[in-house]
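Reviewing the structure listed below.
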Amino acid sequence: MYYEDSENLTIMTYTLNSGIKGTVPLSNKQIQEWIESYRSNTKFITAIGKEFFGLNPDLVADFKVQNRFSNYVEVIRPISVVDQEKNDELSQAYEENLVFFKVDCKCGTTYTTYSQYYTTKWFCSKCKEIVFMDKKKGKVPTDKGEAWYMTNKYFVEREA
């Protein structure tokens, strides 16, 4: 696709429901197409130079486009209680499925971390050494609740 005003691109900043921010340069026609896609909840696909760009309005929490004819930034954001409730349910389900780990490294670093996945080894965030889960010790109390204990301060029996 070639747009007549492709020389005059405007930066659109968007925030995904996950909190990740992104930017994309769009022509005025592409911005209008995006707004229509956002309102009708249809996937937006367009060409930007030699690349294709796609964005799913379901995953976009909000976006901003600098209006080139004014000095203010227009923010368009859907207001839907149902969508907010769905996002809250997904966030709660995500948090319920997190696995917490207490890392106690020989370098002296101790902290609690989490993952979506159960694992028997981790890397210390400070010294990058491997710490292993001590299944014999099991879960230990932390400020974030029960967490699997991981250490490299002593030998931990590991499964082959």
Within the range 7-16, take every residue that is polar (S, T, N, Q) and modelled with pLDDT of 85 or more and give me the one that is most open to solvent (accessible area, probe 1.4 Å).
13
Cβ-Cβ below 6 Å, separation at least six or inter-chain, first residue in the range 16-40 and without any contact (Cβ under 8 Å) to a residue 12 or more places away in the chain, second surrounded by fewer than 17 Cβ atoms within 10 Å (Cβ to Cβ): which pairs?
21/15
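Residue by residue, here is whether (1) within 30 Å of residue 17 (Cβ to Cβ); (2) among the hydroxyl-bearing types (Ser, Thr, Tyr) holds:
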residue	(1), (2)
101	yes, no
105	no, no
109	no, yes
120	no, yes
130	no, no
139	no, no
Conditions first: (1) open to solvent by 20 Å² or more (accessible area, probe 1.4 Å); (2) at pLDDT 85 or above. Residue 48 passes all but one, so which condition is the exception?
(2)
For the range 17-40, name all the residues that are surrounded by fewer than 17 Cβ atoms within 10 Å (Cβ to Cβ), assigned to a strand (DSSP E or B) and among the β-branched types (Val, Ile, Thr).
23
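What residue, of 102, 121, 126, 136, is modelled with pLDDT of 80 or more, loosely packed, with under 12 Cβ neighbours inside 10 Å, more than 21 Å from the chain's Cα centre (by Cα) and of a type in the set (Lys, Arg)?
Only one candidate passes the filter, namely 136.
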Result of the Cβ filter at 6 Å on the range 97-115, keeping first residues that are over 11 Å from residue 149 (Cα atoms) and partners that are open to solvent by 60 Å² or more (accessible area, probe 1.4 Å) and basic (Lys, Arg), at least 6 apart or interchain, is 106/153; 107/126; 109/126
Assuming residue 158 fulfils every condition listed in (1) open to solvent by less than 100 Å² (accessible area, probe 1.4 Å); (2) in a loop (DSSP other than H, G, I, E, B); (3) touching a Phe, Trp or Tyr at 6+ places or on another chain (Cβ under 8 Å) apart from one, which condition is it?
(1)
Just a yes or no: is a residue in the range 65-75 surrounded by 10 or more Cβ atoms within 10 Å (Cβ to Cβ), charged (D, E, K, R), part of a strand (DSSP E or B) and at pLDDT 85 or above?
no
Considering only the range 139-158, how many residues are in contact with a strand residue (DSSP E or B) (Cβ under 6 Å, 6 or more places away or on another chain) and at pLDDT 90 or above?
10
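The values are calculated or read from the model by the stated rules, or taken from the named source; none is laboratory data. Computed from a predicted model, the values in this text were never measured in an experiment. All Cβ positions, glycine included, derive from the backbone under ideal geometry; neighbour counts span all protein chains shown. Remember, those area values only see protein heavy atoms, side chains included, never the ligands or the DNA or RNA. Shrake-Rupley method; radii C 1.70, N 1.55, O 1.52, S 1.80 Å.
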